[in-house]
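The values are calculated or read from the model by the stated rules, or taken from the named source; none is laboratory data. Everything quoted here is computed from the prediction, not taken from an experiment. Note that we place each Cβ from the backbone using ideal geometry, even for glycine, and neighbour counts take in every protein chain shown.
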Amino acid sequence: MRCDETTRLIDAYIDGELSASDASAVGGHVDACVHCLRRIQAREVLGELIRALPYVAAPEHLRTTIVDRRRPIRSLTHWASAAMVVVAAAGGAGGRAWWQTHIASMVAEQVMTRHVHALATQHLVDVRSSDQHTVKPWFQGKLDFAPPIADLADAGFPLIGGRIDTIAGRPVAAVVYERRLHVITAFVSAADEDVPAEYERTVRGFHEKHWVQQGICFWIVSDLNAQELTDFVELLRARAM
């Protein structure tokens, strides 16, 4: 199924009105296409926002005006844009902040999932080296940006290596460090304007910290204790760029 076909079926898919075969086809496409996934997520958020808005009775003259003019209403083809329109109407800058936090929570869940998957499969790195001058060149030609890599061994956070991973449907650099028996993964990508400049959370024993620095987006995740992970983040922010 193509993106244009999926777009036409989004409403029916969300409302559970598709046949089993069509729903399966849309679901299969969405699993592999981050753009269509975001359209569906934005459509769901749009529905939540609309349902949360207070009901206001329209004045009688509005009905008369609409009937008289009979102008066609141009449909929005990108549900993300529609969601942002409602967000703006519902709260301006506050609404945008809510939207960014919503996106950040979804990305954070993927970050944790990829970190845990790497631990479970013992596939932490594709290039294993404690030398930043070996790891950094390995990423050349594999990404459309140069991931910053810092040598933090002198502070007790030696570099293990790196790999290419996927977050939100796009390739990212996964730079791996360790602290005693704890693995720390730094997912690095080009900055995304839909995600807030800083974000952090603790879920199921894992700490996640996110920030944007000089156009580069960092997501750090580990089961290391919170204070030591904070120390790691401060060192990385100071030395990586």
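Within the stretch 194-216, how many residues turn out to be closer than 18 Å to residue 166 by Cα and not in a strand (DSSP E or B)?
Residues flagged as closer than 18 Å to residue 166 by Cα and not in a strand (DSSP E or B) within the stretch 194-216 amount to 2.
Residues checked against (1) within 22 Å of the chain's Cα centre (by Cα); (2) in contact (Cβ under 8 Å) with a residue 24 or more places away in the chain; (3) not in a strand (DSSP E or B):
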position: 135; (1), (2), (3): no, yes, yes
position: 140; (1), (2), (3): no, no, yes
position: 166; (1), (2), (3): yes, yes, no
position: 173; (1), (2), (3): yes, yes, no
position: 189; (1), (2), (3): yes, yes, no
position: 218; (1), (2), (3): yes, yes, no
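For the stretch 166-183, name all the residues that are in contact with a His (Cβ under 9 Å, 6 or more places away or on another chain) and not hydrophobic (A, V, I, L, M, F, W, C).
Residue satisfying the conditions is 169 alone.
Restricting attention to the stretch 148-178, report how many residues are among the aromatic types (Phe, Trp, Tyr) and touching a Lys or Arg at 6+ places or on another chain (Cβ under 9 Å).
1
Considering (1) under 18 Å from residue 124 (Cα atoms); (2) surrounded by 21 or more Cβ atoms within 10 Å (Cβ to Cβ), say which one residue 171 fails and leave the rest.
Checking residue 171 against (1) under 18 Å from residue 124 (Cα atoms); (2) surrounded by 21 or more Cβ atoms within 10 Å (Cβ to Cβ), the one that fails is (2).
Just name the residue that is modelled with the highest pLDDT out of those in the stretch 1-17 that are closer than 13 Å to residue 30 by Cα and surrounded by 14 or more Cβ atoms within 10 Å (Cβ to Cβ).
9
Sort out which residues of the stretch 142-161 are at positive phi and part of a strand (DSSP E or B), and write them in order of number.
Once the filter is applied, which keeps residues that are at positive phi and part of a strand (DSSP E or B), the stretch 142-161 yields only 161.
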